[in-house]
1. Taking the condition of a type in the set (A, V, I, L, M), at pLDDT 85 or above, out of contact with any Lys or Arg (no Cβ under 8 Å at 6 or more places or on another chain) and within 28 Å of Ala172 (Cα to Cα), does Ile292 pass?
2. Do we find that Val260 is closer than 29 Å to Tyr136 by Cα, surrounded by 23 or more Cβ atoms within 10 Å (Cβ to Cβ) and in contact (Cβ under 8 Å) with a residue 60 or more places away in the chain in this structure?
3. Out of all the residues in region 203-240, which are in contact (Cβ under 8 Å) with a residue 40 or more places away in the chain and under 22 Å from Asp49 (Cα atoms)?
4. Working only within region 337-349, note down all residues that are open to solvent by less than 50 Å² (accessible area, probe 1.4 Å) and modelled with pLDDT of 80 or more.
5. Taking the condition surrounded by 14 or more Cβ atoms within 10 Å (Cβ to Cβ), closer than 30 Å to Asn271 by Cβ, at pLDDT 95 or above and not hydroxyl-bearing (Ser, Thr, Tyr), does Leu142 pass?
6. Scan region 284-307 for residues that are out of contact with any strand residue (DSSP E or B) (no Cβ under 7 Å at 6 or more places or on another chain), without any contact (Cβ under 8 Å) to a residue 60 or more places away in the chain and either in a strand (DSSP E or B) or surrounded by 20 or more Cβ atoms within 10 Å (Cβ to Cβ) (or both) and jot them down.
7. In region 174-216, which residues are touching a Leu at 6+ places or on another chain (Cβ under 9 Å), farther than 20 Å from Pro143 by Cα and among the polar types (S, T, N, Q)?
8. Restricting the first residue to region 308-336 and requiring it to be farther than 30 Å from Gln24 by Cα and modelled with pLDDT under 85, which pairs with a second residue that is of a type in the set (Ser, Thr, Tyr) and open to solvent by 30 Å² or more (accessible area, probe 1.4 Å) meet a Cβ separation below 7 Å and a spacing of at least six or different chains?
Amino acid sequence: MEGAVRVQILSQMGISEVPSQYIQPPKNRPESVTENIADLSCKHVPAVDLSSEKESVLPAIREACREWGAFHVINHGVPTKLLDGLRRACLSFFNDFPMEDKLKYACNPNFAASEGYGSRLLVSSENETVLDWRDYFDHHMLPLSRRNPSAWPHFPPEYRELMANYSDEMKALAERLLALMSESLGLKASCIADAVGEFYQNITASYYPPCPQPDLTLGLQSHSDIGAITLLIQDDVGGLQVLKDGEWLLVDPLPNAILVLVADQTEIITNGKYKTCVHRAITNASKARLSIATFHDPTKTVRISPISDLVSQSPPPLYSSVLYGDYLSSWYSNAPEGKRNLDKLLLDT
């Protein structure tokens, strides 16, 4: 059982100041936080309509992956009933049941990214890591040999079935998107998927309670995702930000859309043509926020390197090859900060 205090408990205590371990260094703090988070206007992350003709979908994906590393997809084929049902079930787990019942599903504090209910993602000393203002439940989903529904909440009663169905839908959508991303680069549809191999899929439901000092904290620190592709849904509160041209921009929730985040291994595989998305979550003082992220990663034994078809002429390889298991270990042993791990693989050209 994880020993860290759940952030939800701190928020419900009515504290006026956050504990010191949640205070970000000045350089990492949000530039501005308003009581009404919708007042934070920004340029809009692109939206791609997957029901459109491929002739228009491919260039839209190409531009979004090059310029943003992120885009919404609409008309994606995932039932709205499933999206809404899973959001309700996850929110019910965090809000409607006693802490003692939730703690029966606590993750193991001695292992990074262990399955279950937690607050601390990384295994390190209290003095080394500034904590995120967030609680979460991490689910191990794929391959099926990792899937153990008995490790997931049995309340509300529909939780496990919804989570399993959602996993299957996200796998299919991730495969579809990687094929479109490959084709948008002029490659055969299976090219990126072949480089990634069998998906390791985790689904993380994150709960961000109201915070008394949102100007000093982060719900989730700045990072880029380490795998291949992340698919995310959120509620209507808002709080996710992406780094674009040195500026933090709020990702406005788009009803029934799914947000696609390009992750580190895809930047390597595409030799930098498609950019990983650096992002973070800010907090607010009045409303809890929920997001559900589905991570699709390679297996630890896969060696990741730029696709030969993209480096046969120009530019030369920009990244050295890496065993994904080594990349994963490095990320967890060095608290994420922007793209630090990915930048270590850059070659002198």
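The values are calculated or read from the model by the stated rules, or taken from the named source; none is laboratory data. Please read these numbers as outputs of a predicted model, since none were measured by experiment. Note that we place each Cβ from the backbone using ideal geometry, even for glycine, and neighbour counts take in every protein chain shown. Note: accessible area is taken over every heavy atom of the protein model, side chains too, but ligands, DNA and RNA are not part of it. Shrake-Rupley method; radii C 1.70, N 1.55, O 1.52, S 1.80 Å.
1. Working: of a type in the set (A, V, I, L, M): yes; at pLDDT 85 or above: yes; out of contact with any Lys or Arg (no Cβ under 8 Å at 6 or more places or on another chain): no; within 28 Å of Ala172 (Cα to Cα): yes.
Spelling it out, it is not the case that Ile292 is of a type in the set (A, V, I, L, M), at pLDDT 85 or above, out of contact with any Lys or Arg (no Cβ under 8 Å at 6 or more places or on another chain) and within 28 Å of Ala172 (Cα to Cα).
2. Numbers: closer than 29 Å to Tyr136 by Cα: yes; surrounded by 23 or more Cβ atoms within 10 Å (Cβ to Cβ): yes; in contact (Cβ under 8 Å) with a residue 60 or more places away in the chain: yes.
Answer is yes for this residue.
3. So the first thing to find is which residues in region 203-240 are in contact (Cβ under 8 Å) with a residue 40 or more places away in the chain, and the list is 203-235, 237-240.
Once the filter is applied, which keeps residues that are in contact (Cβ under 8 Å) with a residue 40 or more places away in the chain and under 22 Å from Asp49 (Cα atoms), region 203-240 yields Ala228, Ile229, Thr230, Leu231, Leu232, Ile233, Gln234, Asp235, Gly238, Leu240.
4. First, pick out the residues of region 337-349 that are open to solvent by less than 50 Å² (accessible area, probe 1.4 Å): 338, 341-342, 345.
Leu342, Leu345, listed by residue number.
5. On the way: surrounded by 14 or more Cβ atoms within 10 Å (Cβ to Cβ): yes; closer than 30 Å to Asn271 by Cβ: yes; at pLDDT 95 or above: yes; not hydroxyl-bearing (Ser, Thr, Tyr): yes.
So Leu142 fits the description; yes.
6. Result: no residue meets the conditions.
7. Ser184, Ser206
8. Close Cβ pairs satisfying both conditions: Pro315/Thr349.
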